[in-house]
1. Counting just the residues of the stretch 57-67 that are in a loop (DSSP other than H, G, I, E, B) and at pLDDT 95 or above, which one comes out surrounded by the fewest Cβ atoms within 10 Å (Cβ to Cβ)?
2. List every residue pair whose Cβ atoms lie under 6 Å apart, where the two residues are 6 or more positions apart in sequence or sit on different chains, the first residue falls within the stretch 137-156 and is of a type in the set (A, V, I, L, M), and the second residue, located anywhere, is surrounded by 17 or more Cβ atoms within 10 Å (Cβ to Cβ) and part of a loop (DSSP other than H, G, I, E, B).
3. Among the residues of the stretch 166-191, which ones are crowded, with 18+ Cβ neighbours inside 10 Å and in contact (Cβ under 8 Å) with a residue 60 or more places away in the chain?
4. Sort out which residues of the stretch 141-200 are at positive phi and assigned to a helix (DSSP H, G or I), and write them in order of number.
5. Being crowded, with 16+ Cβ neighbours inside 10 Å, farther than 23 Å from R45 by Cβ and among the polar types (S, T, N, Q) narrows it down to one of T163, T147, T131, T122, so name that one.
6. Output the qualifying pairs, or none if there are none: Cβ atoms under 8 angstrom, residues six or more apart or on different chains, first residue in the stretch 54-69 and within 17 Å of D41 (Cα to Cα) and hydroxyl-bearing (S, T, Y), second residue part of a helix (DSSP H, G or I) and at pLDDT 95 or above.
7. What pairs come out if I take residues in the stretch 107-119 that are assigned to a loop (DSSP other than H, G, I, E, B) and pair them with residues that are basic (K, R) whose C-beta lies under 9 Å away, six or more apart or interchain?
8. Can you tell me how many residues in the stretch 32-56 are at pLDDT 95 or above, over 20 Å from T163 (Cα atoms) and assigned to a loop (DSSP other than H, G, I, E, B)?
Amino acid sequence: MTERPDLTAGPGAKMHFWDAYWDLRTGECPCDVHFVAWLKDRGIRDASIFHFGTGGHHHVGIETARDGSNNAVLGITAAPQEYDSYVKLAIETPEVARTYKVFFGDIYQLDPRLLPSFDIATLFHLGEFRTEKNDAYGGLTDLEVATIMFDQLKPGGRILTYTGSYAFDVAERDMAALQKIRPIALEESYEKLLVFRRTD
């Protein structure tokens, strides 16, 4: 793991966050739409899902709450505007918020002690937001994030990546590295998604 900073020295660098709002742009980034379709096509129900990058549209959480699948989604966003939109969504549609929760934070600060186990983890945006700004406060690497996600998977659980990401070369490299240190293998491709399955 990456060396952590000395927090006894007082305040240090500020968190690296994304100061923007991403609405649903299926022409540019259809990964969430493809993911919801994959869940439906594979008949996945009652699953626990970790979703990296909710978007301000919250498509995954809303659709899984309303499609009768009883899938539960825990999302993370590093965009304050997107988190604010979730708060509004939760207040206005508590039936969605029952199975869809979002927290604000830097995924490169994940602590596995605070995470439940998952059936599925989406890493569509792996590599897109990791910069030297994360290094300033001891942020994890992309491979460390992927490893944590694997370690939180239930037996037979899956990690999905997105081949249309502008940082897919990072995800491709790190998923190849993950396969050398953890029992996980490519199971299938679906639209622009790659599905990796825990094999132990």
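1. Checked the stretch 57-67; the qualifying residue surrounded by the fewest Cβ atoms within 10 Å (Cβ to Cβ) is D67.
2. Here the result reads I148/L110, each pair linking the stretch 137-156 to a residue that is surrounded by 17 or more Cβ atoms within 10 Å (Cβ to Cβ) and part of a loop (DSSP other than H, G, I, E, B).
3. If the condition is that a residue be crowded, with 18+ Cβ neighbours inside 10 Å and in contact (Cβ under 8 Å) with a residue 60 or more places away in the chain, then no residue fits.
4. none
5. Details: T163 fails: crowded, with 16+ Cβ neighbours inside 10 Å; T131 fails: crowded, with 16+ Cβ neighbours inside 10 Å; T122 fails: farther than 23 Å from R45 by Cβ.
Residue meeting the stated conditions: T147.
6. Matching pairs, first to second residue: T64/V36; T64/L39; S69/L39; S69/K40.
7. Between residues of the stretch 107-119 that are assigned to a loop (DSSP other than H, G, I, E, B) and residues that are basic (K, R), the close pairs are S117/K154.
8. So the answer is 5.
The values are calculated or read from the model by the stated rules, or taken from the named source; none is laboratory data. Everything quoted here is computed from the prediction, not taken from an experiment. Positions of Cβ are backbone-derived with ideal geometry, glycine not excepted, and every protein chain shown enters the neighbour counts.
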